[in-house]
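Below is one structure, written out as structure tokens; comments come after it.
The values are calculated or read from the model by the stated rules, or taken from the named source; none is laboratory data. Keep in mind that this is a model prediction, so the values were computed, not measured. Using ideal geometry, Cβ is built from the backbone for each residue, glycine included, and neighbour counts are taken over all protein chains shown. Side chains included, ligands, DNA and RNA excluded: accessible areas come from the protein's heavy atoms. Shrake-Rupley method; radii C 1.70, N 1.55, O 1.52, S 1.80 Å.
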Amino acid sequence: MYIKRPAVGLVFCFFYFAFYFTNKISVRLLRLQSHRHWKYVLSVLKFTYPTLFQGWQTLVGGFLLHVTWKLGWVEISSSSRSEIRSWLPSSGLFVGIIYAGSRALSRLPIPVFFTLHNAAEVISCGIQRCALKEQVSPARIWSALFLLIAAGCLPVHDAQFDPEGYFWAVVHLICVGAYKAFRKSQKSSHISDLDQQYINYIFSVVLLAFASHPSGDLVSALEFPFLYFYRFHSGCCASGILGFVLMLTTVKLKSSQSSAHYASWNFLAKVVTAGLSPLVFDITLNAPTLCCLLLGAAGEALMVYSDRTGA
């Protein structure tokens, strides 16, 4: 944890990239010689049981966070019951974020997913402006407009258009936008970032465990053909561990740098991950789709610039 600030950002970028690639391919799970291509957990193998997959990730994250807390490596304060109750609506949104995000990522290319994910800023700005009566800078409004246009035009021109993937991406971005706005409204709360994540983990594990049977995921997963392959197990373990490490790195980066610098590193991590994804995953790009992706990146870049300059 005692590394220089640029190193923290680079470590964050690495684990951001590794986490999304691992979630998408689960360490290139299994190569079948007869098909001559890699089988993916979320895309080709169709292990699309999000209550189990996300329940496993949050269980691993919560367990590792509890262990590191007990070892004294991280600090988690004892929050009061009223503080925990006040945070529970945000934990519910967190479950919506990871559940819908998992379903969307299983069906959409990573650059498309990021473009739709970034449109959550439109929801956040709208809630800030209309519900919380906060001032929003002109640059941020233009940025949100660019993000909205990019996300709105993308399904019209996407050659790989998947209705279900886009539906869950919309649910995901709504939850992300509401989550961001809720966090900003809780500025006076004494719950730290690690406390918030600890509550999120516990709430998610309990809720997803209860939802796994009614959703049919528990029964369907028992019929998954690669359930007992060690590479599938190692991929799932890697996904859970990387998610936890990314969360810790994110908290460290936020605490060591300003919000504007964190936004810059987050933007860089997305650009690197999206830029490298076509080397591993199949994605069909036409001119309009590429323009939408670039417009979305420009919108986020403008938002980062407005944060850094205060415009």
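If you scale each eigenvalue of the Cα gyration tensor by 5 and take the root, what three semi-axes come out for segment 80-167, rounded to whole angstrom and sorted largest first?
In descending order, the three semi-axes are 27, 21, 8 Å.
Simple spin-label model, 7 Å along Cα-to-Cβ: Val136 to Thr68 in nm?
That separation, rounded to one decimal, is 3.3 nm.
Report the per residue volume, in Å³, of the convex hull enclosing the C-alpha atoms of segment 242-311.
Spelled out: Cα convex hull of segment 242-311, divided by residues, is 85 Å³.
Just to verify a number: FRET efficiency for Ser192 and Ala301, C-beta to C-beta distance, R0 = 35 Å, to 0.05?
After rounding to 0.05, the efficiency reads 0.75.
Please compute the Kirkwood hydrodynamic radius of segment 91-142 from all pairs of different C-alpha atoms, in Å with one decimal.
One over the average 1/r among Cα pairs gives 12.6 Å for segment 91-142.
For segment 136-207, which trypsin sites (Lys or Arg not before Pro) pass both filters: DSSP loop (anything but H, G, I, E, B) and at most 14 other C-beta atoms within 10 Å?
For trypsin sites (Lys or Arg not before Pro) across segment 136-207 that sit outside H, G, I, E and B with at most 14 neighbouring Cβ atoms in 10 Å, the list reads Lys187.
With label points built 7 Å along Cα→Cβ from the Cα atoms of Thr309 and Leu10, find their separation and express it in nm.
In this crude spin-label approximation the distance works out to 2.9 nm.
Using only the heavy atoms of the protein chains and a 1.4 Å probe, how would Trp142, Trp73 rank by accessible area, largest first?
Result, largest first: Trp73, Trp142.
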